[in-house]
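Have a look at the structure below, then the notes.
The values are calculated or read from the model by the stated rules, or taken from the named source; none is laboratory data. Computed from a prediction, not measured in an experiment: that's the story for all the values here. We place every Cβ from the backbone using ideal geometry, glycine too, and count neighbours over all the protein chains shown. We work out accessible area using only protein heavy atoms, side chains counted, and drop any ligands, DNA or RNA first. Shrake-Rupley method; radii C 1.70, N 1.55, O 1.52, S 1.80 Å.
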Amino acid sequence: MTLPTRTLLTLIGEAALESKLVKDLEAFEVPGWTISDARGRGSRGVRRSAWDNEGNIRVEVICNTELAQRLLAHIRNQYHRDFAIICFLSEVQILREEKF
Amino acid sequence: MTLPTRTLLTLIGEAALESKLVKDLEAFEVPGWTISDARGRGSRGVRRSAWDNEGNIRVEVICNTELAQRLLAHIRNQYHRDFAIICFLSEVQILREEKF
Amino acid sequence: MTLPTRTLLTLIGEAALESKLVKDLEAFEVPGWTISDARGRGSRGVRRSAWDNEGNIRVEVICNTELAQRLLAHIRNQYHRDFAIICFLSEVQILREEKF
Amino acid sequence: MGWDPVVMFFVFGLLAGLSRSELKLPPALYDTLSILLLLAIGLHGGVELAAEASPVLLWQTLAVLALGCLLPVIAFPALRILRFSRVDSANIAAHYGSVSAGTFAVAIAYMLARDLHFESYIPLFVVVLEVPAIIVGLLLAKGIARDTDWRSLGREVFLGKSIVLLLGGLCIGLLAGEDAIAPLAPLYTSMFKPVLALFLLEMGLIASRQFGSLKESGIRLAFFALAFPLAGAGIGGALGHALGLSVGGTAILATLAASGSYIAVPAAMRLALPEANPALSLTASLGISFPFNILVGIPLYLAYAEWLIA
Amino acid sequence: MGWDPVVMFFVFGLLAGLSRSELKLPPALYDTLSILLLLAIGLHGGVELAAEASPVLLWQTLAVLALGCLLPVIAFPALRILRFSRVDSANIAAHYGSVSAGTFAVAIAYMLARDLHFESYIPLFVVVLEVPAIIVGLLLAKGIARDTDWRSLGREVFLGKSIVLLLGGLCIGLLAGEDAIAPLAPLYTSMFKPVLALFLLEMGLIASRQFGSLKESGIRLAFFALAFPLAGAGIGGALGHALGLSVGGTAILATLAASGSYIAVPAAMRLALPEANPALSLTASLGISFPFNILVGIPLYLAYAEWLIA
Amino acid sequence: MGWDPVVMFFVFGLLAGLSRSELKLPPALYDTLSILLLLAIGLHGGVELAAEASPVLLWQTLAVLALGCLLPVIAFPALRILRFSRVDSANIAAHYGSVSAGTFAVAIAYMLARDLHFESYIPLFVVVLEVPAIIVGLLLAKGIARDTDWRSLGREVFLGKSIVLLLGGLCIGLLAGEDAIAPLAPLYTSMFKPVLALFLLEMGLIASRQFGSLKESGIRLAFFALAFPLAGAGIGGALGHALGLSVGGTAILATLAASGSYIAVPAAMRLALPEANPALSLTASLGISFPFNILVGIPLYLAYAEWLIA
Ligand SMILES: Nc1ncnc2c1ncn2[C@@H]1O[C@H](COP(=O)(O)O)[C@@H](O)[C@H]1O
Ligand SMILES: Nc1ncnc2c1ncn2[C@@H]1O[C@H](COP(=O)(O)O)[C@@H](O)[C@H]1O
Ligand SMILES: Nc1ncnc2c1ncn2[C@@H]1O[C@H](COP(=O)(O)O)[C@@H](O)[C@H]1O
Ligand code: NA
Ligand code: NA
Ligand code: NA
């Protein structure tokens, strides 16, 4: 069984961005997304989830490469300067090609 | 150092399935699994974790490709029609080959 | 757009290790990390998050391959014998090369 | 002002949700509140049962059990007439045959605030009503002798959170009795209303999100979710009267019959009847009938009970 | 002993945090505590407002609104003189123009413990002070007619958690009145201090973490965060006196003016003015001014109010 | 009925867990409950200490400290005889030398319910007993002059959650005194039993999960976990008598000696002695000795104390 592949885009960034990011994802018409809570440290210091303005979220989107790249570009332009956020891509094999 | 590779199977689906999925994983004798809580949106609408029947879980299983494919087939047959669930595979490099 | 690649190191292990692991990550001068809570089962039995001494954490570090391998070796030597912990590597494409 | 602040918390949550405010309660708080409510209801019932038990109670309990089997059998054809599919009809019918512990808590608070006496063992009826509708619902959906895994369904139902907490509280209250339980009494006296108020705030927030699905499922669902509570209350009240319950007890039984489950039944049916659309049943029971019962129904059912007895 | 145990909980948290103890409260508990505090303040205010409302109140409210616009306008040039960038100055000014509900709760507890009367509608002032500073801050940062999305900013502010809870509590208290609200009174009577104590424990833990950032932002920030509360209290107290408030009311208004927001404003400014460094404003308001007001400020502002009235 | 409802909550949790019900408390609730318990115990002790302190107390404290060093030294050879490995024996011994705050809370509630006087500064003994067993346990495992990082172990132990909360509460209670603390008194009066009941419900659920591991570790572990509490209580009670404690105080000290830690010690030993199998020690202290002490032990130890004094 060889499975079709898609791109998994993962964003990790400050929780305050959640509703903005969700609006973006809707605007880009991604097929779906998954969010979970996290904490961490990066170049902008420690971010704990004990405090509203400090926790991180981890957003995953599976979509085609082209859309992932467009999303990536949007996030770079929109958020990288002022917000603690990172993103990375990897390749995944999926079931049900028509969904993503 | 070149490391052996295995398949990472990730399932994202409604939290109500947790105990069923765990039973399946035990039946398939996977070497282990990890579950975390998530929320998201897919073709079956928004799933928030604020409400028992709405949250998602994210299940990760590392195993050999053959077992991953069998699990995938089982999940497709068992859950895809009636439940909000997605799954995808990727390749990972592991330590301690004998464990997985 | 071709993006540079880095290694994503994922550790899953008992929550009691969190502060020790964070100290290690700081000592190895990784560019950043992300931690989230999880539960699971492996060769050391079931680990639930309902109880302080039982939950798992999931640590992600994106860095260059060489550093990831050194971290991996350190974790194998330091923790594998006595603690419930697994780790695996995968390759990811990143934005902003200079950060990682 | 006649308005009950506890009910206003529900309205507050509803408005906050509909205006898309940032307000949300931590999920752990909501879990905690529902655990406290169920335990408190159970404990209170157990303590009173210890004082008030009587042989009549057995017959009453059996009659209430019958009510739990009857309600989905009435709801099912009504839903079929409204052109819902067989599984969806069975699923919704199961929800309405069962009860909503939140609605029950509001009804109790309502009676207490008006110094209306009611049979203290009534929490027992909540326990008794939780289960049969699920079984009847599944039979309606699948017929007998099918592939239902009754064993694991039984587990799911009897070992589900709500039943376990209600029953556990009931037993502890029963075994301990009023004096020994006194230090835990704040759970069902001074703390009950604050806990209920916060619980209703969250229920308001949750109910507001159901309105989105309402557009899709449309007018037929709304009609059922408003009409069936009235029918259910009619039957439940009549039964309460026939069983010789007090005015308060009759009104509460009417309320129980009018309410639809949104905790125990959804969890059980999701796994036992996954083909059914959970959005339909939740929207109806939580998004429409729950607000209706809380805001309009309970006073109505009380008036009905008074009329019955008079 | 003169020390208030509630305040000692803050010191306890601070010490536990600074000594890097393992102590941490679950995030859901902290959320719950702040929800309870805000609701309690709102409810209490609403109930009292129902009894005490008067036409004078309207003028007082408008004056307090003006205070909320004035404070950031004073803070901004002071910050610029201290050589903070334009956006950072505007951001910090917005924090100090607004108020800290936690500081307010401690001030109220302080007055109650001393049996000092204060105008019961004062929670209304908290609501009124939350908002204008945010708008003034953004105008200071960007000037008018710029790319600010005022609509979604308005949402963010008026539908933010704190305002919604304060306003919701206020309305429920107002509509229900003292008798009907009685069963919920534990929220703002017997439970208020325990909740506040736990809240301050967590605030201590959080404040202790801000000290790290202090090293970087240095002495200028610390100076502002200690000096501005005194200036703010001076103005707030004078206004309270001019408006004819009681000693208690004057001291509380001074405290409100002295305090800087660390819940509503950070959330709003983070999205509306992301170029500003949130570490600066949080360190100042939460790490320095909050402890200062709690430990030293409130008694001082009370003495000032007494001096003003005498 | 002689049964204490608080203890019945433990049995309820145990049964719910063993029957694999869906019931689970949110982790944040469990954390909150244990924080409240520890704080309440500390506060209560501090307030009473402020009233009752005496020079005798110093000697008593030293004696209790010695008890904490003695108990693991007795447990260790017993465990070796039962053929546990050296590290596992040392680890289990450390758990039993220390104390269980949950067991302590139940013992206190038991005494209060029977109007039995006990020395009010007893929470101090809980603090004193928490620590030495950990150090003795590590010495037993590794000998002296080994690679233990005592500095970071000290951190771990003294800055661990339980000690910090107990000590923090104690200091606040001590400094504030009875009058000032009054508004916080609900934490250790009216709220204490409800909090304890919920805590025990969760402990029952947790303990039920330990039974699984019991099969593996088998009869030897069960024997130790039932026999050692009796031995410990014998020694603890004798010491209490020798120190001139009241009946209640003697029974509580016996209970402390009989109990094994399942919060502070597991966390510390996991990092300091990772070679030890944590399943063994947790199963013993939490799965066997905790239920045993709660259900059977405490009444027994009280009878023993009465016999000693008579
Ligand atoms: N190298 C990294 N590996 C894993 N997570 C990272 C890394 N760098 C940053 N992060 C996560 O991304 C968040 C924002 O990063 P930053 O903008 O660098 O502060 C951090 O709080 C971390 O959770
Ligand atoms: N394209 C996607 N990328 C990431 N997560 C997804 C995607 N599609 C679905 N999901 C997740 O899978 C869950 C179930 O998907 P669905 O069955 O499409 O409703 C959703 O609630 C999301 O959390
Ligand atoms: N094959 C696996 N796939 C996914 N997660 C695993 C696997 N094996 C172990 N884990 C996770 O790693 C933790 C520690 O594993 P272990 O040391 O095998 O007990 C477990 O509690 C699981 O959360
Ligand atoms: Na019903
Ligand atoms: Na201010
Ligand atoms: Na002991």
**Report entry** Verdict on B:ARG6 being assigned to a helix (DSSP H, G or I), away from chain D (no Cβ under 13 Å) and open to solvent by 40 Å² or more (accessible area, probe 1.4 Å)
**Finding:** no
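Here is a check on your reading of the model: is F:LEU18 within 14 Å of chain D (Cβ to nearest Cβ) and crowded, with 22+ Cβ neighbours inside 10 Å? If you could, list the steps in order and put the result at the bottom.
Details: within 14 Å of chain D (Cβ to nearest Cβ): yes; crowded, with 22+ Cβ neighbours inside 10 Å: no.
Spelling it out, it is not the case that F:LEU18 is within 14 Å of chain D (Cβ to nearest Cβ) and crowded, with 22+ Cβ neighbours inside 10 Å.
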**Report entry** Conditions (1) of a type in the set (Val, Ile, Thr); (2) within 18 Å of the chain's Cα centre (by Cα); (3) in a helix (DSSP H, G or I); number of the one not met by D:VAL87
**Finding:** (2)
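Per-residue answers, yes or no, for (1) open to solvent by less than 20 Å² (accessible area, probe 1.4 Å); (2) within 16 Å of ligand 3 (Cβ to nearest atom); (3) out of contact with any Leu (no Cβ under 6 Å at 6 or more places or on another chain):
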{"site": "D:LYS215", "(1), (2), (3)": "no, no, yes"}
{"site": "D:ALA227", "(1), (2), (3)": "no, no, yes"}
{"site": "D:GLY236", "(1), (2), (3)": "yes, no, no"}
{"site": "D:ALA242", "(1), (2), (3)": "no, no, yes"}
{"site": "D:LEU245", "(1), (2), (3)": "yes, no, yes"}
{"site": "D:VAL296", "(1), (2), (3)": "no, no, yes"}
{"site": "D:ALA303", "(1), (2), (3)": "no, no, yes"}
Report task. Identify, from the list C:GLU54, C:GLU18, the residue that is out of contact with any Phe, Trp or Tyr (no Cβ under 8 Å at 6 or more places or on another chain), at pLDDT below 95, open to solvent by 40 Å² or more (accessible area, probe 1.4 Å) and more than 16 Å from ligand 4 (Cβ to nearest atom). Result -> C:GLU18
Query raised in the report: If you check D:SER162 against the conditions, is it outside any helix (DSSP H, G or I), more than 23 Å from D:SER89 (Cβ to Cβ) and at pLDDT below 90?
Result: no
Report task. Check whether at least one residue in the range D:116-132 is more than 30 Å from D:SER190 (Cβ to Cβ) and either within 16 Å of ligand 5 (Cβ to nearest atom) or not acidic (Asp, Glu) (or both), and report yes or no. Result -> yes
Query raised in the report: Inside the range A:25-43, can you point out the residues that are farther than 25 Å from C:VAL22 by Cβ and buried (at least 17 other Cβ atoms within 10 Å of the Cβ)?
Result: A:LEU25, A:VAL30, A:PRO31, A:GLY32, A:TRP33, A:THR34
Query raised in the report: Do the conditions hold for B:GLU18, that is, is it farther than 23 Å from A:ARG6 by Cα and touching a residue at least 12 places away in the same chain (Cβ under 8 Å)?
Result: yes
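Residue-by-condition table, conditions (1) of a type outside the set (Gly, Ala, Ser); (2) under 16 Å from the mean Cα position of the chain (by Cα); (3) within 16 Å of ligand 4 (Cβ to nearest atom):
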site: E:ARG151; (1), (2), (3): yes, no, no
site: E:ALA185; (1), (2), (3): no, no, no
site: E:MET191; (1), (2), (3): yes, no, no
site: E:GLY212; (1), (2), (3): no, no, no
site: E:ALA258; (1), (2), (3): no, yes, no
Query raised in the report: Hey, does the range B:10-22 have a residue that's in contact with a Ser or Thr (Cβ under 8 Å, 6 or more places away or on another chain) and either farther than 23 Å from D:ASP31 by Cα or more than 13 Å from chain D (Cβ to nearest Cβ) (or both)?
Result: yes
Report task. Evaluate the range A:78-85: report whether one residue or more is open to solvent by 30 Å² or more (accessible area, probe 1.4 Å) and either at pLDDT 95 or above or in contact with a strand residue (DSSP E or B) (Cβ under 6 Å, 6 or more places away or on another chain) (or both). Result -> no
Query - Filtered residues of the range F:1-15 (kept if open to solvent by 40 Å² or more (accessible area, probe 1.4 Å) and within 25 Å of D:ARG155 (Cα to Cα)) - result: F:LEU15
Query raised in the report: When the range D:56-96 is examined, which residues are found to be without any contact (Cβ under 8 Å) to a residue 40 or more places away in the chain and crowded, with 16+ Cβ neighbours inside 10 Å?
Result: D:ARG80
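How many residues are under 17 Å from the mean Cα position of the chain (by Cα) and either under 14 Å from F:PHE125 (Cα atoms) or of a type in the set (Val, Ile, Thr) (or both) when one looks only at the range F:45-70?
8
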Report summary line: Here the residues within the range F:26-42 that are more than 8 Å from chain E (Cβ to nearest Cβ) and in contact with a Pro (Cβ under 8 Å, 6 or more places away or on another chain) are F:ILE41, F:GLY42
Requested in this report: Kindly list the number of the only condition in (1) acidic (Asp, Glu); (2) surrounded by 24 or more Cβ atoms within 10 Å (Cβ to Cβ); (3) more than 30 Å from E:GLY143 (Cα to Cα) that fails for E:GLU48.
Outcome: (2)
Report summary line: All conditions in (1) facing chain F (nearest Cβ under 9 Å); (2) more than 24 Å from D:ILE263 (Cα to Cα); (3) open to solvent by 20 Å² or more (accessible area, probe 1.4 Å) are true of D:GLY143 except (1)
Query raised in the report: What number goes with the only condition from (1) part of a helix (DSSP H, G or I); (2) more than 14 Å from chain E (Cβ to nearest Cβ); (3) in contact (Cβ under 8 Å) with a residue 60 or more places away in the chain that D:ALA105 does not pass?
Result: (2)
Report task. For residues that are within 14 Å of chain F (Cβ to nearest Cβ) and among the polar types (S, T, N, Q), scanning just the range C:50-100, find the one that is farthest from ligand 3 (Cβ to nearest atom). Result -> C:ASN77
Query raised in the report: Which of the following residues is in a loop (DSSP other than H, G, I, E, B) and in contact (Cβ under 8 Å) with a residue 60 or more places away in the chain: E:VAL128, E:VAL99?
Result: E:VAL99
**Report entry** Any chance A:ALA38 is out of contact with any strand residue (DSSP E or B) (no Cβ under 6 Å at 6 or more places or on another chain), more than 17 Å from B:SER90 (Cα to Cα) and aliphatic (A, V, I, L, M)
**Finding:** no
Requested in this report: State the number of residues belonging to the range F:153-201 that are more than 11 Å from chain E (Cβ to nearest Cβ) and of a type in the set (Gly, Ala, Ser).
Outcome: 2
Query raised in the report: Would you pick out the residues in the range E:247-263 that are open to solvent by 10 Å² or more (accessible area, probe 1.4 Å) and within 14 Å of chain A (Cβ to nearest Cβ)?
Result: E:ILE263
